[in-house]
Amino acid sequence: MFSFQDWLNRSFARRGILKLLGLAGLAAIVRPALATAQPGPPVNDYPADVLMAEGTYELQRDALLIDWVGTEQITAQRLAQLGLQFVLDPLGQPVAAGPSLYVVTSVAGPQANMAAFTRDVLLLAADDVRAALPLYYLTGQGLQSAIAPVPGAILIMFVDEAFPPIQISTPTGLFYDEFGSQFLLPTHQFYLPAYQQNVRASETGLWGEPSETFDMAARIRADFPDAVTNAGPDWLTLFALEAMPVDEIFRTHRPWNLFRIGMPAAWEIQNGWGDPAAAASLIVAVLDNGFDVSHPDLKFTPNVDGVYTHFDGRSAVKDGLAPPYNAGWGPAEPTGLYAHGTLVAGIIGASPNNFGVVGVAGGCSILPTRIASSGPAAASKYAQAALRWARLKGAKVVNMSCHFGGTPGLHAEMQLAWQAGIILCAAAGNQGTHLPSGTALEDSPLPVKYPAWDERCIGVGASDEADQRKRQASTDQQQWASHWGAELDVVAPGVQVWTTDIQGHYGASPHTSVFGVDYPRSGAFPIGIGGTSPDYITLMMGTSAAAPHVAGLAALMLMKLSGNADFNALTPENRAVAIHTMIKHTCDKVNPDIYQYVGTAPNSRCDEMGFGRINALAALERAASYTTST
């Protein structure tokens, strides 16, 4: 007889056995046959917990998902008559998983018997509620992890894939859905007779409540122990395509850059808020300046007595001061110029905290290292010192939206960081600011700058909203161009990027030009603390904006791979090689009619786009299935 581990191993070997349950306005991912009801409760109640591949989900004894089909709009008053109340999101709106699907809770609090409670709701609201489903949360997680059993459908996997389904349907009276099963094999789909037509007639695919489904699944497991490896209900993942924080800007403005590289779906595989402690332990060092270390949307590494992690190259190298160092800025210093580090940090790790913006690896810890003083100029030795500091303080990823002369000392420190397995990401460089569009510069190579030039670093160019290399002629109409050449590795969005800014009127948003890139005054977004301060900026641009997309992606990949035995068995240097390779080989070869990618995919590239525009979803899928053979 197969154990659950045997079944689990088989499930992983058959990745992609997913079924899309069509919902109006929401294509929710349903994971068939990935859960086994745990024995214990009598049939008149639901299982207290269910086991999925990723862990145990626990029954919530006060929460339901209801499918509202009433002719009148659902209201708090009508729900109160049913003993229910809305669950509200941080903006005070009812939490919904689709146009008619609402998450509600019991006014009376936890229920001793959730099956009886859902039956009562259906009885009292027969004309208004088509389905009432219990919710299960992943242990230690909240509503964002919610799943619900789908009534009526039973998904079965057999020990022998040639086992005749009729041997199940005949004694149980279940309807075998042969047509639907062909899309799910080796999983087979059966329906309880009473549910078959009602489920198919339902716009959401939901009808009734699932106690009979759990009961029948348990009977099948008991009656066919040697033939069945798993039998259980279908499962609806409430926020399968909404695995994103509800930060104001993300929710209301849908930043093009995050959607273009596939972040909403990528966050389904790995994000920085599902396990906040793990995310916070992943340190991304940013070599830059102008960090607003008090910004509420950024999480910085600690800088307290005994645990000093912030760094200022000038204070350490030039002035010979001992820590603690101040990686921040002061109002007496030149404004605008000091915003750059804050802008970059937000793209990487702005926190998923229900306001402001969210970074690619939102929730990770930013280790701020300040390498510049009175402006954009910075000495290579400051960068060298900052890179060494980051290595010794445990950084796993380093972002360098800057460039330096490749001095022997800096070059040697790059090698030490590489040998430590640190993922180095750097901006390829900007050029052409204030020059008229259509000059020869448009078609001439703009050499990739150091350290992006270094093969141990992922050199990142900027792409525009048309998935082309950012040029002076790009549709954003900003007069600058992204550097390119044989050393370019990848491109990432580098125009009109939402991110954090220094709070108040000191940041980039009130200024017209920062580091040679224009920031129109209309770009300021008055959303900051208190509602009026421009604490964010809408038009961060440059290869400085592109590189942190890659740094954030690398951070997520390292989070995903943290428990991968094959990956962890590699030397630190080979782990860095693996991350580089996965990011490059999963890029989208965008606009092949414009750019001639030379070579055989996924190893093909061109000088203007490198291996292509990054695809976060594809990269994380590759990381999730990583073995040394891949």
Sorted peptide list for 162-168, 601-607, 457-463, criterion being average Cβ within 10 angstrom, highest first: 457-463, 601-607, 162-168
With all protein chains present and a 1.4 Å probe, how do E72, E58 order by accessible area, largest first? E72, E58
Accessible surface, per residue, of the range 55-120 when the full set of protein chains is kept, probe 1.4 Å, Å²: 47
How big is the range 390-430 in terms of Cα radius of gyration and Dmax, in angstroms? 10.4, 30
Given pairs K318/K449; K393/K470; K299/K560; K396/K470; K299/K589 and cut-off 31 Å on Cα-Cα distance, the over-length ones are K393/K470; K299/K589
Cα-only Rg/Rh for the range 65-151 with Kirkwood Rh rounds to 0.93
Where labels lie 7 Å past Cα in the beta-carbon direction, separation of S625 and T581 in nm: 1.6
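The values are calculated or read from the model by the stated rules, or taken from the named source; none is laboratory data. Fair warning: this is a prediction, and the values are worked out from it, not measured in the lab. Cβ sites come from the backbone with ideal geometry, for glycine too, and all protein chains shown count toward neighbours. SASA here: full protein model, heavy atoms, side chains in, ligands and nucleic acids out. Shrake-Rupley method; radii C 1.70, N 1.55, O 1.52, S 1.80 Å.
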